[in-house]
Structures are given as structure tokens and as C-alpha cells.
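Below is one structure, written out as C-alpha cells, with a few remarks after it.
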Protein chains: 2
Amino acid sequence: MTTDFRSELLASGLLVDTGVDGLYLRSGKFERVVRGIDDLVSSAGADQNASVLHLPAVLPRVLLERSGYLRSFPDLLGSVSVFIGDDDLHAQLLERLGRGKNWVEMLTPSDVALCSAACHALYPLCSGRLPAGGRRFEVFGQCFRHEPSVDPARMQAFRMHEFVYLGDPDGAVAHRNLWLERSVDLLSVLGLTVDVVVANDPFFGRAGRLLARNQRSETLKCEIVCALHQDAQPTALASSNYHLDHFGIAFGIGSANGDVAHTACVGFGAERVTLALLHTHGLDPDAWPRKVKSRLWP
Amino acid sequence: MTTDFRSELLASGLLVDTGVDGLYLRSGKFERVVRGIDDLVSSAGADQNASVLHLPAVLPRVLLERSGYLRSFPDLLGSVSVFIGDDDLHAQLLERLGRGKNWVEMLTPSDVALCSAACHALYPLCSGRLPAGGRRFEVFGQCFRHEPSVDPARMQAFRMHEFVYLGDPDGAVAHRNLWLERSVDLLSVLGLTVDVVVANDPFFGRAGRLLARNQRSETLKCEIVCALHQDAQPTALASSNYHLDHFGIAFGIGSANGDVAHTACVGFGAERVTLALLHTHGLDPDAWPRKVKSRLWP
């Protein structure tokens, strides 16, 4: 996304700078678009008979360990520390603060962490054996990824709206394919010019390069992208993913026939779709094409 | 709130346990009530001509320092740590994880923290001199307070919907009083039996006791409470607060005439109002009195 577009977003008040890269306050106008997108995504999945869950902003820290996030994406996670102490320790903390020293070192790790991927919160609920036909969830997550950037399409704190399937391999592949098609339809109907590309997650380090290569060669991750930057890579607005048995093994989930469960998810980045709409149709949602408005706010 | 009520909430699937006290996933049914309350609160403030802002789940950590939160409520805050390192450090981290040792100690403090009170994010935007008549905001915040509890009315992660005024002392007192009245009306119309009590924030430690006493004796904080527990203190669903010049001094905010600005805010706890409604009218929102439903979902 060009610097110009960022400046326009800030000048228009759609987003408000907080002084930390990738962290914005969002205007009512921006949020009205987000709500419209969320409602549209929900109605696209109305036939899924999915259990709907909304996540809090923090989740049990142990999820980072069990999901493999700590192994594969350590550089993106955020863990929460808290103050546990008495008046004396508090006095020391304030003294450090007063001298401009690091007071955060005096905090204690808590048992909560920021959520990095919405679907991770669901898997512990499914340990054991799934019913015949598997299970489906619609999940709204508050996510955090530590990748400070001035690109508004790369926020540190953002929302992810997912449809998740847990069951057998055929069902998982079907879910991934169904939602790939639906995502393209849904975003195209909003007047966005999108493309589907085979992609990989940003696995960390040397070992990560191999994981990324495998993910690509097996076509496990497809992104629905939109060109928001002039000369750079297009931005992913959504992705449809087949996890094989990764989460089935990690969380002890079995399909109805007793095999390890396979899972798949589609995730929409609410802020990114909003930005794509603002970039494509202009900064005033009231002036967007009637066809787009009627989809977002029927 | 009684243990029975918590069990009922979990058994009904309205809330889903995460394994960490005070952290719940929320069902679509629960969220529909939250959305209804948010919309009702917004319409109650439609005459305020307020700038609407929605906060991300994390905010600049420096806010904890500037707002005085670190001084007054250190035990409630949450600061975010991240992994900054290479393959070698990552290998050490995974080795610790494998041996069941504390890996969080290897993280580095970041420049973001969880938000503890929604209005704090606004004050830095108002440094300098306010326009005549002051400024008004409507703010939706994701908040965190480190107070693990099995009482569902005391969540660690929750939402706060506020109307905030910045201006002169008369305006701040008027805002506090207006919203005290409106909050009582709004909650009563929903069929809740509420009461107004003079209250104090949970200031930390020895020095905190004096601050709490002063806050009470000057009637700076009023809570709108509802009896959800059988034999314990009633639960605050909302509070209306006059901060005097605390934030005006902390963030260098001047009123139009050049004096230090005074501020006031009203905050509604979306989850708590939802719980009060579920407690009062039953666990099935579809079966609530028509008058209540028509207010929430007109």
C-alpha cells in the first residue's frame, strides 16, 4: 500500500495514528464497513450450520505451545506479563519509571497471550472424537502479530473472521475448495479485482524455509489477493487453508472413524478487506457504487 | 454471581470455558445481546455529536505510564513481550519448552500493552488546547485487567463502551451527571433493577487507600449496580466518573480558556450488562419480554 494511501487514511480520520507502527484507532465510518463485511461473510456461510464463537483479545498462553505457533512463528507472537508484588516492589518499579529505566523487566509472565490465529482457540474444544460429518465453526478473532510496519495493510492488531472445519481429509479438502470459490465470489461482488495464488505462511528461520516449501508444493495454502501496492506484492484479503493432520495431532482430535482428524479453515482479514474497498471505491463509503453498498448494508 | 449461574452459562453454551479463570469464548447468542446493548448505548448518546473511535486490542505501552495507570493500578495491567532473536535463540527457546521450563523469560518487552480503560487512548489525541465547548468521544474498547476470577462478571478480557468529555469543570460535572441519569434510565428500561452508589477505583497499595478515600469523599465515581450475587456486593454495570484535571495534566490538555482541561466519562461494561440481562430474564434471549427485545433489536 502506498504511503500516499496511508496519509489519506489518516487525513480523512478513517484511521487514527497511535504513535506505534501498525496500531490504529478506527473511526465509526471504518467500523461500519468492517461490520458490513462481517455480516456478508456470515451470510455467505449461513448454510454451514456452524457454531459461532467470538474470541476475547487474549487466550491461554499454552495455546501457543500446543498449536505449534511458538515453534513456527515465534517472531510474531505476543505474551502478556503482569505485575505481581507488594508496596515495596511497586515503589521500586515507580523509581525505575521515574529514572526512565526499564520497568517491564520487573513484571511476571502470566498464563495468557495474545491470539495470533483465530482458529487455534477452537481445537482444544474438540479433543477426543468428532461426530460423524465432523464439526464446523464460525469464529471471530482479535489477532496480534508482532510485525510493526507503516503499511496499514499490515497492522499489529487486527480481526480475523474464519470458517473452520474439523473432520476427515475429504471433508477438509472440500471445505478449502468451497471457500476458495466463495471467497473469490464474495470479494468480486464487492467490486474488488482479486486473484488466487498459492502461498505459504511466514515460517521462522532455517527450518521454516523447508516448511514453507512443502506447504507450497502441496498447495495447502491459497490466498485471495488484491493489488493495493503500486509495484509490490499484492495483499492477501483472505486465505483458504488445509492443515492436514497438524491440529488433529497437536490437540488429540479424532474423526468419527477413529483416524486423526484433518482440518481446514478460511480466514478473512476484516481490516484488509475494508482497506481494499476504500482503495478501490474511494474514502467515502457513502459514495460507493450502489451495488457494493447494498451488499454490505442490505 | 453465584456458581450456579456460571455453570448454567457454560452448560447453555452462552460462554465457553478456556481453562483460564476469567477468559471465555462467547457464543453468537451472547454476542447478539452485546451488539444490541452497544447499539442502544450509541443511540442514547446520539445527541452528543461525539467522534466515534474503536480501539485495537493493544495500545502503546507508554499510555500506562502517562495515564498514571502504572502508579495506581499496577496489579491489573498487562504488558506484551515478544520474541526477538535468531535461529540459535529460537533453538534455546524450544529446548526450554521441551524440558517444560519457562520460555517466556527469553522474550523481550515490546512497545505495546493491553488496554485497561478505553478512554485512556483518547487523551494523547487532545494534547494542546481544546475548542470552545470541549470535545466529546464515543469509544469502544477491548480491555484487560489481570484479576483471574471464576465469577463471570469479573472477566480478564472484556469490552467497555464509553462516552467521554474533555473541557471545563462545569462541562465535566454536567457530563457525569447527565450520564448517571441516562445510564439508570437505559438499564431500567431493559428491565434491570439498578441502584446508584458512590464508589472508588481499586487503587493499589497503601497510597491507594488514601486515593480511594478521596475519590469517595468527593463523589467522583458513581456506579450503576445490579444485585447479581445472592449475598455479596452488587455488580457495577456502568460507572460515571469525573476525573478532575488528572488527565488534563497528564496529557497536557487545555480547555478553550487556557485552564487545564477537566474530563469525565461514562463506561458501560458490555459483558456485565449482558450477564445482568441473562440473569434477570433467563438464558434464552428469544424468550425475553417483548419490551426488552424491542429496545435491543428495534
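The values are calculated or read from the model by the stated rules, or taken from the named source; none is laboratory data. This is a predicted model, so every value here is computed, not measured. Cβ atoms come from the backbone with ideal geometry, glycine included; neighbour counts cover every protein chain shown. Only protein heavy atoms, including side chains, enter the accessible area calculation; ligands, DNA and RNA are left aside. Shrake-Rupley method; radii C 1.70, N 1.55, O 1.52, S 1.80 Å.
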| field | Debye, to nearest 20: dipole size of the protein assembly as shown, +1 on Lys, Arg Cβ, -1 on Asp, Glu Cβ | value | 380
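At 1.4 Å probe size, with every protein chain present, just tell me what the per residue accessible area of chain A comes to in Å².
41
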| query | Tell me, what is the 1.4 Å probe accessible area of B:Val62, in Å² to the nearest 10? | reply | 80
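Report relative contact order for chain A in percent, whole number only (criteria: Cα-Cα under 8 Å, sequence separation at least 6).
22
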| task | Compute the projected area of the convex hull of the Cα atoms of region B:144-250, averaged over all viewing directions, and report it in nm² to one decimal place. | result | 8.1
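Relative to the compact-globule scaling 2.2 N^0.38 Å, provide the ratio for the alpha-carbon radius of gyration of region B:194-298.
Numbers: Rg = 18.0 Å, N = 105, 2.2 N^0.38 = 12.9 Å.
Against the compact-globule rule of thumb, the ratio is 1.40.
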| message | Let's see if you can work this out: charge +1 on each Lys and Arg Cβ, -1 on each Asp and Glu Cβ, no other charges. What is the dipole magnitude of chain B about its Cα centre, in debye to the nearest 20? | response | 300
| field | Mean shadow area of region A:16-104 over all directions, Cα convex hull, nm² | value | 10.3
| request: Would you mind listing the distances between the B:Ile249 label point and the same position in each other copy? Use 7 Å along Cα-to-C-beta, nm, one decimal, shortest first. | output: 6.0
| task | Name the long-range amide H neighbours of A:Val112: under 5 Å, sequence gap of 5 or more, or other chain; modelled H, no Pro or chain starts. | result | A:Arg61, A:Val80
| query | What are the nm distances, shortest first, from A:Asp21 to its equivalents in the other copies, labels at 7 Å along Cα→Cβ? | reply | 4.0
| field | Anchor A:Lys291: lysines whose Cα lies under 24 Å away (excluding residues fewer than 8 positions away in-chain) | value | A:Lys29
| request: Set Lys and Arg Cβ to +1 and Asp and Glu Cβ to -1, take the dipole of the protein assembly as shown about its Cα centre, and tell me which of A:Gly167, A:Ile249, A:Leu125 lies farthest positive. | output: A:Gly167
| Can you tell which of B:Ser294, B:Leu94, B:Ser149 lies farthest toward the positive end of the dipole of the protein assembly as shown, using +1 and -1 charges on the Cβ of basic and acidic side chains (Lys, Arg; Asp, Glu)? | B:Ser294
| message | Along each principal axis of its Cα atoms, how long is region A:40-148 end to end? Whole angstroms, biggest number first, please. | response | 60, 33, 27
| task | Would you kindly calculate the translational diffusion coefficient of region A:63-125, applying Stokes-Einstein with the Kirkwood radius from alpha carbon pairs, for 25 °C and a viscosity of 0.890 mPa s, and quote it in µm² s⁻¹ without decimals? | result | 177
| request: Rounded to the nearest 100 Å², what's the accessible area chains A and B bury against each other, both chains counted, probe 1.4 Å? | output: 5400
| message | Name the chain B residue nearest the rotation axis between B and A, going by Cβ position, and give the distance in whole Å. | response | B:Ala57, 2
| remark: Counting only protein heavy atoms with a 1.4 Å probe and every protein chain in place, the carbon and sulfur fraction of the accessible surface of chain A in whole percent equals 49
| task | Inverting the mean 1/r over all pairs of different Cα atoms, compute the Kirkwood radius of region A:113-178 and quote it in Å. | result | 13.6
| note | Share of Cα-Cα pairs in chain B beyond 36 Å, whole percent, is 21
| field | Centroid-to-centroid separation of region A:1-39 and region B:196-220 [C-alpha atoms, Å] | value | 37
| note | When every protein chain stays in place and a 1.4 Å probe is rolled, A:Glu181, A:Glu147 sorted by accessible area with the largest first are A:Glu181, A:Glu147
| message | Taking 4 °C and 1.567 mPa s as the conditions, I'd like the Stokes-Einstein D for the protein assembly as shown in µm²/s, using the Kirkwood hydrodynamic radius from alpha carbon pairs. | response | 52
| note | Residues other than B:Ser188 with Cβ under 14 Å of its Cβ, Lys/Arg counted +1 and Asp/Glu -1, net out at 0
| query | Ranked by accessible surface with a 1.4 Å probe, highest first, in what order do A:Ser188, A:Ser81 come? | reply | A:Ser188, A:Ser81
| field | Label distances, nm, A:Gly282 versus same residue in remaining copies, Cβ-directed 7 Å point | value | 5.1
| remark: Charge tally for neighbours of B:Arg35 with beta carbon under 14 Å away, counting Lys, Arg as +1 and Asp, Glu as -1, is +1
| Amide hydrogen neighbours beyond the local backbone of B:Asp168, cut-off 5 Å, H modeled | B:His262
| When Lys and Arg each count +1 and Asp and Glu each count -1, what net charge do the other residues less than 14 Å away from B:Trp179, Cβ to Cβ, add up to? | -2
